[in-house]
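A.B. asks: One structure, as structure tokens, below. Some questions next.
Any read-out appearing in this document is the output of simple, stated calculations on the displayed coordinates, not a laboratory observation. It should be emphasised that the depicted structure is a prediction, and the values quoted were computed from it without experimental measurement. Neighbour counts run over all protein chains shown; Cβ positions are idealised from the backbone, glycine included.
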């Protein structure tokens, strides 16, 4: 949710609205994954295999982003985030079912609250980590790509803080900045892939 709009703003010069619209496949996938997993669990009373399917679906998403999102992403390739939302919807649903199945009824309120608290804390920590990975790898990439440029420091600082500045760049400097952003996004997707597999 944090990286995808930023990716399209930098690489496709998309407006904030257009970049945000690229999140629709993930949101739809999340809803479908949650509903489908609820239906399957109700019919089969099994949730462990579904949790694995959800984790693999999310991992596939991040792997596709690492391998295919290289700065010129087509409309069809932008749909790669759908499996990420789908897998997240499944995992959130099956985790709640597992909680219900494994916790004594007298402790359910505390367990449910703890689950939702941990999801929110995980989202906060994940977003902070993604931001730090993005900023750190972007700064390193810009320093390396602009090492011979006399205004390296000023360009780096502006590119880190102002997307409108990045969109206005062209020529060699613009190519270096966009390439540094794309590589930074890849590092961030790798972090998400690792977190997905750790579930």
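A.B. asks: Run the simple label-point estimate for residue 72 and residue 154 please: 7 Å along Cα→C-beta, distance reported in nm.
C.D. replies: 3.2
A.B. asks: When you count, for each residue, the other Cβ atoms within 10 Å and take the mean per peptide, how do 111-121, 86-96 rank with the highest first?
C.D. replies: The most tightly packed comes first, giving 86-96, 111-121.
A.B. asks: Quick one: Cα convex hull volume of the chain, Å³ per residue?
C.D. replies: Enclosed volume per residue, from the Cα hull, is 115 Å³.
A.B. asks: Here's something else I'd like to know. The stretch 112-127 to the stretch 53-91: how many Å between their Cα centroids?
C.D. replies: Between the Cα centres of the stretch 112-127 and the stretch 53-91 lies a distance of 22 Å.
A.B. asks: With an 8 Å cut-off on Cα pairs and a minimum separation of 6 or more residues, tell me the relative contact order of the stretch 88-199 in percent.
C.D. replies: 27
A.B. asks: Separate question: Mind checking the angle between helix 48-68 and the chain's longest principal axis? C-alpha axes, 0 to 90 degrees, to the nearest 10.
C.D. replies: So the inclination is approximately 10 degrees.
A.B. asks: Once R0 is set to 25 Å, what does the formula 1/(1 + (r/R0)^6) return for the Cβ-Cβ distance between residue 139 and residue 170, expressed as a FRET efficiency to the nearest 0.05? Show your work: numbers first, answer last.
C.D. replies: Values: r = 21 Å, r/R0 = 0.86.
Calculated transfer efficiency: 0.70.
A.B. asks: Would you mind computing, in nm to one decimal, how far apart the modelled labels at residue 114 and residue 2 are, each placed 7 Å from Cα along Cα→Cβ?
C.D. replies: 2.6
A.B. asks: With an 8 Å cut-off on Cα pairs and a minimum separation of 6 or more residues, tell me the relative contact order of the stretch 3-198 in percent.
C.D. replies: Once divided by the residue count of the stretch 3-198, the mean separation gives 28 percent.
A.B. asks: Taking springs between alpha-carbon atoms closer than 10 angstrom, which of 134, 107, 49 fluctuates most in the Gaussian network model of the chain?
C.D. replies: Ranking 134, 107, 49 by mean-square fluctuation puts 107 first.
A.B. asks: Starting from the Cα of residue 49, move 7 Å in the Cα-to-Cβ direction to define the label point; list residues of the stretch 60-98 whose amide nitrogen is under 16 Å from there.
C.D. replies: 94
A.B. asks: What's the ranking of 125-133, 177-185, 23-31, 52-60 by average number of surrounding C-beta atoms within 10 Å, highest first?
C.D. replies: 177-185, 52-60, 23-31, 125-133
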